[in-house]
Amino acid sequence: MSMHYDLVDLRMLLALARAGSLSRAAEEVHLTVSALSVRLKRLEEEAGTLLFERSGKGLVQTPAALVLVKAARRVLEAAASLEEDFAPYARREEKPLRILSNSTGLENFLCRLTGPFLAKHPETRIEFVARRSSAITEAVQTGEADLGLAGGAAAADEGQAAESGVRLFPYVDDRHVLISRKDHELLRGLRKKTISFAETLRYPYASLLESAPMTAAMRERALLIGCRYEPVVEVPSFTILVEVVRSGGLLAIAPYSAVAEGMTDLALTGLSDAWAARPMAFLAPASRPMRPDAEAFLEFALSAEGAKYLPRGMTLSGH
């Protein structure tokens, strides 16, 4: 029996496998939860087997799903290569350059590069999409993104990137820091230059919105050490986050790149946790040629001219 599916089904499958949740996957693929549930049921009927089991922790892939996920990545990667190869012959409007990035990359780096880049390449159209760093490698590999900017492990493991059909281009070395007012109770009597995340969680926090990739990552980090991360205030940007901390007794964790300028009245405390080191790197496809506009954007970001737009005190990796 042949199995009928389309590329949307395969992208949905990968989103479910990454998120382990219908609601988070639905948000990622821009479907309602009910519509996603219907598509999943139809795909399972086509496959003739259950693909996900429900558990207290969310969706768990069945052995059949593990096989299908690997095949889906190969199919989507091949489809992206086909589209790239055929692009010179297609008589249609050029799609926007699609760049996926985590919250840090979008707010602190890409937004600074966009204006100067477009001044040199006014014909380019760009679409930025927020995504957790751990999901960006797969998005670039499968053609969902033309270029990615990721942090942490996704930006540091060149071997894993190569196995996934992605090339890494180191960009900057960022880090997460704790921000607070200088008179915050946590800092009284603190005799060390760094503090662990666990030591801070007894105090109220402010954070980015629950849907932000960084907030989801912080919740997971708290769970891994047996704690809960439940911010009392959520805001849509790092700029507002800093102002909320400045106005009262809340703590927040933010990338150094977000608070490198104009922070003389607030305290920045280093975090001793290994995940606090946040190297940033661009990710590009290895199995197909890069789009010319993606190549131009990457070249600009890594150039001496592009480095002028980095946050104060930061330099390109290796410089």
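The values are calculated or read from the model by the stated rules, or taken from the named source; none is laboratory data. None of these values were measured; they are calculated from a predicted model. Every residue, glycine among them, receives a Cβ derived from its backbone with ideal geometry; neighbour counts consider all protein chains shown.
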How many residues of segment 10-51 are more than 21 Å from residue 143 (Cβ to Cβ) and loosely packed, with under 15 Cβ neighbours inside 10 Å? The answer is 14
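I'd like to verify a number: residues in segment 240-264 that are touching an Asp or Glu at 6+ places or on another chain (Cβ under 8 Å) and not basic (Lys, Arg), how many? Break it down stepwise before answering.
So the first thing to find is which residues in segment 240-264 are touching an Asp or Glu at 6+ places or on another chain (Cβ under 8 Å), and the list is 246, 249, 255-258.
Narrowing further to those that are not basic (Lys, Arg): 249, 255-258.
Counting residues in segment 240-264 that are touching an Asp or Glu at 6+ places or on another chain (Cβ under 8 Å) and not basic (Lys, Arg) gives 5.
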Mind checking which residues of segment 55-70 are in contact (Cβ under 8 Å) with a residue 24 or more places away in the chain, part of a helix (DSSP H, G or I) and not small (Gly, Ala, Ser)?
68, 69
Here is a list: 131, 98. Which entry is in contact with a Leu (Cβ under 7 Å, 6 or more places away or on another chain) and of a type in the set (Lys, Arg)?
131
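For segment 198-210, how many residues are within 16 Å of residue 184 (Cα to Cα) and of a type outside the set (Val, Ile, Thr)?
Initially, segment 198-210 is screened for residues within 16 Å of residue 184 (Cα to Cα), giving 199-206.
Add one more test, that the residue is of a type outside the set (Val, Ile, Thr), and what stays is 199, 201-206.
Counting residues in segment 198-210 that are within 16 Å of residue 184 (Cα to Cα) and of a type outside the set (Val, Ile, Thr) gives 7.
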Go through segment 26-41 and give me each residue that's assigned to a helix (DSSP H, G or I) and either under 19 Å from the mean Cα position of the chain (by Cα) or free of Cβ contacts under 8 Å to residues at least 12 places away in the same chain (or both).
26, 27, 28, 29, 33, 34, 35, 38, 41
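Residue by residue, here is whether (1) aromatic (Phe, Trp, Tyr); (2) touching a Gly at 6+ places or on another chain (Cβ under 9 Å); (3) free of Cβ contacts under 8 Å to residues at least 12 places away in the same chain; (4) not assigned by TED's automatic domain parsing to the domain that holds residue 203 holds:
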{"residue": "149", "(1), (2), (3), (4)": "no, yes, no, yes"}
{"residue": "154", "(1), (2), (3), (4)": "no, yes, no, yes"}
{"residue": "158", "(1), (2), (3), (4)": "no, no, yes, yes"}
{"residue": "161", "(1), (2), (3), (4)": "no, no, no, yes"}
{"residue": "169", "(1), (2), (3), (4)": "yes, no, no, yes"}
Which count do you get for residues in segment 78-123 that are at pLDDT 80 or above and within 16 Å of residue 147 (Cα to Cα)?
18
Log entry, pairs with first residue in segment 193-222 being closer than 22 Å to residue 103 by Cα, second being in a helix (DSSP H, G or I) and β-branched (Val, Ile, Thr), beta carbons closer than 8 Å, six or more apart or on different chains, reads 206/244; 206/245; 207/215; 208/215; 209/215; 214/104
